[in-house]
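Note sheet for the following structure.
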Amino acid sequence: DSGRIVTRGRMFPAAPDKSVYKMRVEIVWQYKPDQTAMPLPDETVRMDDAMNSLCEAMEEDRLAWLTAIHIGGGCAVFVYYTRDIDAFSGRLDKTLGKYPPLPIQVGAALDPSWHEYKEMLSRFSLT
């Protein structure tokens with residue numbers, strides 16, 4: 001099914017303080033999909049390696065929290081909330097700079113109420 005999107009969201013036993021993590025950052029990774037709209041195996045390995053490294057780097061001192069990953073239709077979207085967009089950008093460059101150029105685009109928006117996160121939880125009846 002070419003319209004399939006897989007979402008992996010995170011539930012937090014002790015939610016991060018939303019008043020501190022006001023910026024939502026979305027990292028969009030474009031890929032060539034297989035017949036099911038998912039990434040090919042080699043791309044999955046490359047994506048997992050780079051994005052796992054980034055998640056560890058962002059969460060080690062709670063600079064940012066990965067809240068969801070949406071994959072399907074030729075792109076994967078990694079959603080973070082951060083307390084400092086400039087520090088996030090610097091750490092992203094430092095962490096992903098260790099890899100060959102990646103097919104990503106990064107965008108950010110002010111989301112102090114975590115609207116996108118709440119919408120995702122609601123969509124899956126998790127609220």
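The values are calculated or read from the model by the stated rules, or taken from the named source; none is laboratory data. Not measured: the values here are computed from a predicted model. All Cβ positions, even for glycine, are placed from backbone atoms using ideal geometry, and neighbour counts span all protein chains on display. Heavy atoms of the whole protein, side chains included, go into the accessibility calculation; ligands, DNA and RNA do not. Shrake-Rupley method; radii C 1.70, N 1.55, O 1.52, S 1.80 Å.
Miscellaneous remarks
- Flag for Arg91 being closer than 21 Å to Ser19 by Cα, open to solvent by 50 Å² or more (accessible area, probe 1.4 Å) and either touching a Leu at 6+ places or on another chain (Cβ under 7 Å) or in contact (Cβ under 8 Å) with a residue 24 or more places away in the chain (or both): no
- Ser19 small (Gly, Ala, Ser), farther than 28 Å from Arg4 by Cβ and open to solvent by 60 Å² or more (accessible area, probe 1.4 Å): yes
- Subset of segment 101-127 (residues that are open to solvent by 90 Å² or more (accessible area, probe 1.4 Å) and at pLDDT 95 or above): Pro101, Gln105, Leu110
- Test: residue in segment 35-54 that is under 13 Å from Phe88 (Cβ atoms), modelled with pLDDT of 95 or more and open to solvent by less than 60 Å² (accessible area, probe 1.4 Å): yes
- Residue in segment 61-69 that is under 14 Å from Thr7 (Cα atoms) and in contact (Cβ under 8 Å) with a residue 60 or more places away in the chain present: yes
- Among (1) within 28 Å of Asp34 (Cα to Cα); (2) touching a helix residue (DSSP H, G or I) at 6+ places or on another chain (Cβ under 6 Å) - the single one Thr82 does not satisfy: (1)
- Only one of the numbered conditions (1) open to solvent by less than 60 Å² (accessible area, probe 1.4 Å); (2) at pLDDT below 95; (3) of a type in the set (Phe, Trp, Tyr) is not met by Tyr81, and that is (2).
- Residue match in segment 51-61 (condition: in contact with a strand residue (DSSP E or B) (Cβ under 9 Å, 6 or more places away or on another chain) and assigned to a strand (DSSP E or B)): no
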